[in-house]
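These notes are about the structure you will find just below.
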């Protein structure tokens, strides 16, 4: 037998054997095999079909992969499953090309769902960069559509939102309302509110006026979202749900209910979002007393959203936006408050993941990590910067020196490339979304989607990392083509890189004996035709913890 196959006890019966595929193990000594044997929730053996016959017993399930590409189970290290589950039952405004089309979609949704007067209408996905009018939508654009229904329609990034007149009234927002900390209310001439609110501080003022979802609503939204995740080939998700759930206890209870009911098809690492020092103290107290009810659920990092988004021009930049002189974006926290929050979480032994899109936000986050380590040295803390979009070599070097990993979303390239140079100019764009350069500096990177900002599907993330284009092939040759990743390097973002940031590199991210039995299989030959295979996005089989959680012939 081969060395890896032979490491299993002789004739130990497998529960499942997957054969007949092109199995990419990501183990350098044995990068490709023909078959995988699984016992319980672990890989028992890998090797040739002939070698693995020794593990076949009367109860072994044999799955013929029929030429599929089989890889270690794919992980998304940054997404919002609960938000996604809710969004599946909200107005989909993705891709709208005019204010008129936005109006039609909202009106059709209200009519089709027979929404009663007084109930909130929620939606997401608009992007002013796609609108023929070339501007942000305004409250007047919603006049005449269900005027008795308050509306909150989020931009695709989630860092800006549009309210109608009734929505502003329901939230208690008027021209006299001051801008909240960590947010901004857009105002027109004379100080009148336009209906646009920016960042979590302002959006939170509105969300407080929306009736909270009940426990059953949370469970059903998560059941829908996690089922879709398994269909997309995900076996693990680092999900930021506390904001949508209304706190740690409610999010944890919903996931627990799914696990105990046998309805959780993948591993969940709960990212613990906090919006203030007080919230952080509460979450730390609750999390430190929490016991996981299932091997499928674990605690992830403390999540801090330090700035906004590039599309909304709220990402915090060192120098002004190239297309908005004088505008440098928004920091949601003062530098001292950010340092205090990072230090508190760091001292408590937690990993910290800071949302940074702009270079100013990245610098301040790294300075906060540096200050925390100076006061309370902790080797190999593996703190994370989430997004890492507008960056530069000095920031990369500081990440490396501090041992800070990057959570990146390759699919952002497909959506953002038309606007990056206009927002920040060619010089700053040259080192933006630069995953290959960051890896070359020795940084650890993990891959995610930020769903529902981008599609849930990790194969589309692989395509964007390899091709650096949108699905239609634009721009020709790829945007910043020097940053294209090799197929196995891209795959590593969603496997080995994801395992690293979860401190699980000894049991996840590869297919080898003793590793957790998480596998994803999809149509096509990923090594021979990587772009075509990834873009086809044809997942056929997902195995999580040794269980077949999704199968399609």
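Of these, 441, 468, 430, which one is at positive phi and without any contact (Cβ under 8 Å) to a residue 60 or more places away in the chain?
On the way: 441 fails: at positive phi; 430 fails: at positive phi.
Criteria check complete, one pass: 468.
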Seminar exercise, completed: Note on residue 279: of the conditions (1) assigned to a helix (DSSP H, G or I); (2) in contact (Cβ under 8 Å) with a residue 24 or more places away in the chain; (3) surrounded by 16 or more Cβ atoms within 10 Å (Cβ to Cβ), unmet is (2)
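Determine which member of the set 46, 17, 33, 23 is in the same structural domain as residue 533 (by TED's automatic domain parsing) and within 17 Å of residue 487 (Cα to Cα).
Details: 46 fails: within 17 Å of residue 487 (Cα to Cα); 17 fails: within 17 Å of residue 487 (Cα to Cα); 33 fails: within 17 Å of residue 487 (Cα to Cα).
Of the residues listed, the single one that is in the same structural domain as residue 533 (by TED's automatic domain parsing) and within 17 Å of residue 487 (Cα to Cα) is 23.
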For this session: Return yes or no: is residue 57 over 21 Å from residue 549 (Cβ atoms) and crowded, with 20+ Cβ neighbours inside 10 Å?
Result: no
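Just to be sure I understand, how many residues within the range 293-303 are surrounded by 15 or more Cβ atoms within 10 Å (Cβ to Cβ) and assigned to a loop (DSSP other than H, G, I, E, B)? Before the answer, list the steps.
So the first thing to find is which residues in the range 293-303 are surrounded by 15 or more Cβ atoms within 10 Å (Cβ to Cβ), and the list is 294, 296-303.
After this cut, where a residue has to be assigned to a loop (DSSP other than H, G, I, E, B) as well, the list is 294, 296.
Total meeting the criteria: 2.
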Exercise. So which of 361, 365, 353, 316 ends up being touching a strand residue (DSSP E or B) at 6+ places or on another chain (Cβ under 6 Å), at pLDDT 95 or above, on the phi < 0 side of the Ramachandran plot and in a loop (DSSP other than H, G, I, E, B)?
Worked result: 316
Problem set entry | When residues of the range 151-162 are limited to those that are in contact with a helix residue (DSSP H, G or I) (Cβ under 9 Å, 6 or more places away or on another chain) and touching a residue at least 60 places away in the same chain (Cβ under 8 Å), the one surrounded by the most Cβ atoms within 10 Å (Cβ to Cβ) | 159
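From the residues in the range 116-141 that are part of a loop (DSSP other than H, G, I, E, B) and touching a strand residue (DSSP E or B) at 6+ places or on another chain (Cβ under 6 Å), which one is surrounded by the most Cβ atoms within 10 Å (Cβ to Cβ)?
In the first step, residues of the range 116-141 are kept if they are part of a loop (DSSP other than H, G, I, E, B); the result is 116-120, 127, 131-138.
Then keep just the ones that are touching a strand residue (DSSP E or B) at 6+ places or on another chain (Cβ under 6 Å); that gives 136-138.
Numbers: 136: 18, 137: 22, 138: 19.
Among them, the one singled out is 137.
Out of 96, 110, 62, I need the residue that is part of a strand (DSSP E or B) and over 19 Å from the mean Cα position of the chain (by Cα). Which one?
Values: 96 fails: part of a strand (DSSP E or B); 110 fails: part of a strand (DSSP E or B).
Going through 96, 110, 62 in turn, the sole match is 62.
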Problem set entry | Options 185, 205, 193; residue that is crowded, with 17+ Cβ neighbours inside 10 Å, farther than 24 Å from residue 276 by Cα and either modelled with pLDDT of 95 or more or over 20 Å from the mean Cα position of the chain (by Cα) (or both) | 193
For this session: Being touching a strand residue (DSSP E or B) at 6+ places or on another chain (Cβ under 9 Å) and assigned to a loop (DSSP other than H, G, I, E, B) is the filter; apply it to the range 319-350 and report the residue that is farthest from residue 240 (Cα to Cα).
Result: 327
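The values are calculated or read from the model by the stated rules, or taken from the named source; none is laboratory data. On a predicted model such as this, the values are computed, not experimentally measured, just so you know. Note that we place each Cβ from the backbone using ideal geometry, even for glycine, and neighbour counts take in every protein chain shown.
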